[in-house]
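> Supplied in structure tokens, the structure appears directly below.
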Amino acid sequence: MIMKILLLLVLSMVVVAREATAQEPQCDRERAAMVETIRTYARSDASVLGRQGPSERVLEAIGRTKRHLFIPERSCSIAYANKPVSIGHGQTISQPFIVALMTELAEVAPDHVVLEVGTGSGYQAAILAHLARKVCTIEIIPSLAETATKTLRGLAYENVSVRLGDGYAGWPECGPFDAIVVTAALGQVPPPLIEQLKVGGRLVMPVGSAYTSQQLTVVEKTAPDKTTSRAVALVRFVPFTRSKE
């Protein structure tokens, strides 16, 4: 009888342990380590953001965003490594440091309306959603737009709207925008995006040819018909996809 009681006690403890493990937040340790890697990486190259690196506000947004839920494998070890991750259709989500860098350069404030061109899996949009009042994001590949929409809705990102279409023309009905983030490379900044950027706003995108190094560029709109631009760092992004029509 005593042996049976002990056996039942052990079994019940195993069940409780399994339930507790199942309820533990996934990938918390890996996500925290990724944030520290971003800090370290930024300090090692102070020429980009200075010794301080990304702001605590940006790092907090990244730390709150479950990157593993935005990749097909949903693997902690793959998602939080400091490298790009394939999401199919020849597309990737960027290296975490590059995501942090672009987010920081956009200087997103809590009352901002932000446009993202190149939704992909929705990861960058999710980070922006923690920082801005409203995020409008455009994806040209139907299956990616559909998956991103489902993921963002499932995670209750209620301030993000996803649109299927060619991002070159922007999204006038959703703007004007305080910041624009473009996650694909093109030889020049699309004029419609500059038109939809507010005076005082910033556009961040890789400028250059496909399948080679590009210049991560920040464009600031200083007047209705005037902009300034500066190259920040060499990067490699997938090419900007245009509609065949």
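> Using a 1.4 angstrom probe, figure out how much accessible area the stretch 92-245 has per residue, in square angstrom, rounded to the nearest whole.
43 Å²
> If R0 is 35 Å, what FRET efficiency do you get for Asp28 and Leu164 from their C-beta distance, rounded to 0.05?
Details: r = 33 Å, r/R0 = 0.95.
Efficiency, from the Cβ-Cβ distance: 0.55.
> Here's a follow-up. From the Cα gyration tensor of the stretch 156-245, with a ≥ b ≥ c the square roots of its eigenvalues, which class applies: rounded if a/c is under 1.5, or else prolate if a/b is larger than b/c, or else oblate? Numbers along the way, then the final one.
On the way: a/c = 1.59, a/b = 1.10, b/c = 1.44.
Here the stretch 156-245 falls in the oblate category.
> Could you check how much of the accessible area of the chain is carbon and sulfur, as a whole percent, using a 1.4 Å probe?
On the way: 6950 of 12740 Å².
Percent of accessible area from carbon and sulfur atoms in the chain: 55.
> If the cut-off is a Cα-Cα distance under 13 Å, which aspartates and glutamates reach Lys198, setting aside same-chain residues fewer than 8 apart in sequence?
Once the sequence-local aspartates and glutamates are set aside, what remains near Lys198 is Asp178, Glu220, Asp225.
> Taking every alpha carbon pair in the stretch 122-184, what does the distance histogram look like in 10 angstrom bins from 0, in percent?
Spelled out bin by bin, the stretch 122-184 gives 22, 60, 19 percent.
> Taking a probe of 1.4 angstrom, what is the accessible area of Leu69 in Å², to the nearest 10?
30 Å²
> Separate question: Treat each spin label as a single point 7 Å out from the Cα along the C-beta direction, and report the Arg64 to Ile78 distance in nm.
2.8 nm
> Students often get this wrong, so try it: which of (i) 0.93; (ii) 0.97; (iii) 1.16 is Cα Rg over 2.2 N^0.38 Å as calculated from the structure shown?
For Cα Rg over 2.2 N^0.38 Å, the calculated option is (iii).
> By its C-alpha gyration tensor, with a ≥ b ≥ c as the square roots of the eigenvalues, how is the stretch 20-142 shaped: rounded for a/c under 1.5, else prolate for a/b larger than b/c, else oblate? Walk me through the intermediate numbers first.
On the way: a/c = 1.39, a/b = 1.05, b/c = 1.32.
In terms of gyration-tensor shape, rounded.
> Which one of Leu197, Thr222, Pro84 has its Cα pushed farthest toward the positive end of the charge dipole of the chain, where Lys and Arg give +1 and Asp and Glu give -1 at the Cβ?
Pro84
> Another question, then. How much length is gained on full extension from Thr228 to Thr212, taking 0.36 nm per residue of separation minus their Cα-Cα distance?
Numbers: separation 16, 0.36 × 16 = 5.76 nm, distance 2.43 nm.
Here the answer is 3.3 nm.
The values are calculated or read from the model by the stated rules, or taken from the named source; none is laboratory data. Source: prediction; values computed, not measured. Here Cβ is always computed from backbone atoms with ideal geometry, including for glycine, and neighbour counts include all displayed protein chains. Side chains are part of the model used for accessible areas, which takes the heavy atoms of the whole protein and leaves out ligands, DNA and RNA. Shrake-Rupley method; radii C 1.70, N 1.55, O 1.52, S 1.80 Å.
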